[in-house]
Amino acid sequence: MANPPSEHTASSTGLDGLEHRAAAPAHRVGWGFITLYTLAFISTSLLFLAPLLVTLALKVNSLVGIERAPSGLAVVTGIAALLAMVGNPFFGKLSDRTASRLGMRRPWMVIGLVGGSLGILVVALAPSIPVVLIGWCIAQLLFNALLAALVAVLPDQVPAAQRGSVAGVLGVCVPIASVSGTFLVQLFTGNRLAMFLAPCAIGGLFVLLFAVRLDDRRLAKEDKPAWSLRELASTFYVSPRKSPDFAWAFASRFMFVLAYAFLATYQVYYLLDKIGSAEADVPRQIFLGTLVQSAVVVAASLSGGTLSDRTGRRKVFVLTASIVYGLAMFVLAVASDFNGFLVGMAIGGLGFGVYVAVDLALAVDVLPDKDNAAKDLGVFNIAGALPFSVAPGVAPAILAIGGGSYGVLYAVAGVCAIIGAVAIVPVKGVR
């Protein structure tokens with residue numbers, strides 16, 4: 001297991017302005033911190049997932065119709081995901097270099113929340129696909145500023161011995177956010193503006209609460225590194241030759257998230273086309289499927305993270321979880337009714353829960369540079385953003401080759417997840 005981050009040049013501050021020299025996080029964090037951190041993570045996931053799972057696809061469908069919707073959605077999500085891929089490490093580097101009285105992470109949480117919510121408003125009111133694209137790009141870029149700062153809190157504040165357990169708790173954030181988001185959306189069915197903005201309002205409240213309470217690191221201005229073109233270029237790159245474990249972990253996450261991106265991006269059209277659902281039923285069906293999946297994810301994530309810490313192992317959990325998720329995609333590929341969809345979602349929840357519980361802890365353990373944790377985690381998060389550009393880019397070709405079959409598309413997703421399992425095997429720095 002890697003050593004905790006070294007923070008020789010940083011200091012830490014709360015909103016009351018009292019400063020103290022920051023050391024590597026040696027003291028265990030309490031449940032008060034973990035609770036607030038988890039609520040902020042749930043809220044951040046809610047901001048991303050509510051549009052991605054339901055409202056964005058329905059908005060595109062309302063503008064161009066079911067025949068043109070998949071290609072229209074591909075353009076919107078693909079371009080925005082490319083911006084997210086660049087934005088996450090860029091804002092992570094800015095966060096690592098922010099010498100603000102309010103701290104290093106807090107300012108970007110607030111900026112990201114406000115700016116991203118304005119982007120969601122643009123999407124909700126958009127009269128055309130180009131305006132939807134502009135709004136979603138703004139949302140993706142600014143929400144990734146929030147995400148980059150929030151993820152960096154893990155190595156900032158949590159000692160290595162607790163990271164698996166804390167990451168396991170954080171693993172429940174995606175399923176809870178998925179259930180909450182789909183519940184809110186179906187609650188406001190018929191009011192498009194409320195469907196988009198309710199998650200922003202509720203999620204924003206908890207993000208702001210955590211930002212206010214965070215005992216944030218503070219960087220002294222004299223310790224702020226100088227900018228250079230070489231330094232800027234390094235924002236988006238970590239050498240695979242110098243950091244092979246990080247590179248393999250990156251590849252594994254990319255393939256796993258690619259499988260998830262196929263599911264999340266196209267499940268509206270999967271239900272409409274393959275299962276034969278009526279459009280009015282889709283929000284409720286996605287909510288039910290997400291609820292079933294999330295119940296399994298929560299149990300798997302909490303137990304997976306704890307077991308990982310107790311055994312001192314990361315790789316076997318990531319490997320097994322990726323294989324199980326791949327099998328879930330094959331179940332969805334052959335499903336012919338809504339019950340089959342629910343079974344696939346439940347199996348997927350088992351794999352997804354264990355994966356998200358351990359993957360982040362493994363990534364933190366193999367970080368190349370502990371003093372630039374936000375930047376390197378930003379690079380790692382490219383593996384979580386790029387698939388949402390790749391998936392809509394290649395999905396139309398897969399659908400064309402497969403005769404328009406979403407079963408073929410989800411079978412390809414299953415293969416991607418299993419490749420992600422194989423990619424974690426060469427990692428040597430963790431067990």
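What to note about this one:
- Cβ separations smaller than 7 Å between residues 6+ apart or across chains give the following pairs from segment 114-130 residues that are free of Cβ contacts under 8 Å to residues at least 40 places away in the same chain and open to solvent by 60 Å² or more (accessible area, probe 1.4 Å) to residues that are in a helix (DSSP H, G or I) and not charged (D, E, K, R): L118/I138.
- Residue within segment 141-157 that is open to solvent by 10 Å² or more (accessible area, probe 1.4 Å), more than 21 Å from M104 (Cα to Cα) and of a type outside the set (S, T, N, Q) present: no
- Checked against (1) over 24 Å from the mean Cα position of the chain (by Cα); (2) at pLDDT 55 or above; (3) buried (at least 21 other Cβ atoms within 10 Å of the Cβ), M85 passes all but condition (1).
- Test for A80: is it assigned to a helix (DSSP H, G or I), out of contact with any Pro (no Cβ under 6 Å at 6 or more places or on another chain) and under 19 Å from P283 (Cβ atoms): no
- Among the residues listed as V354, V364, the single one being open to solvent by 20 Å² or more (accessible area, probe 1.4 Å) and either of a type outside the set (F, W, Y) or in a helix (DSSP H, G or I) (or both): V354
- Single residue of L193, L187, L209, L197 found to be modelled with pLDDT of 80 or more, open to solvent by 70 Å² or more (accessible area, probe 1.4 Å), under 23 Å from L291 (Cβ atoms) and not hydroxyl-bearing (S, T, Y): L187
- Search result, residues across segment 239-254 that are buried (at least 23 other Cβ atoms within 10 Å of the Cβ) and either assigned to a loop (DSSP other than H, G, I, E, B) or among the aliphatic types (A, V, I, L, M) (or both): A249
- Unmet requirement for T38, which otherwise passes all of (1) modelled with pLDDT under 85; (2) within 21 Å of V174 (Cβ to Cβ); (3) under 18 Å from the mean Cα position of the chain (by Cα): (1)
- Within segment 380-398, considering residues that are at pLDDT 75 or above and within 28 Å of T311 (Cα to Cα), the one surrounded by the most Cβ atoms within 10 Å (Cβ to Cβ): F380
- Candidate set: segment 317-343, residues that are in contact (Cβ under 8 Å) with a residue 60 or more places away in the chain, β-branched (V, I, T) and open to solvent by 10 Å² or more (accessible area, probe 1.4 Å); chosen: the one farthest from A361 (Cα to Cα): V334
The values are calculated or read from the model by the stated rules, or taken from the named source; none is laboratory data. The structure displayed is predicted, hence computed values, not measured ones. Note that we place each Cβ from the backbone using ideal geometry, even for glycine, and neighbour counts take in every protein chain shown. Heads up: the accessible areas ignore ligands, DNA and RNA and are worked out on the full protein's heavy atoms, side chains in. Shrake-Rupley method; radii C 1.70, N 1.55, O 1.52, S 1.80 Å.
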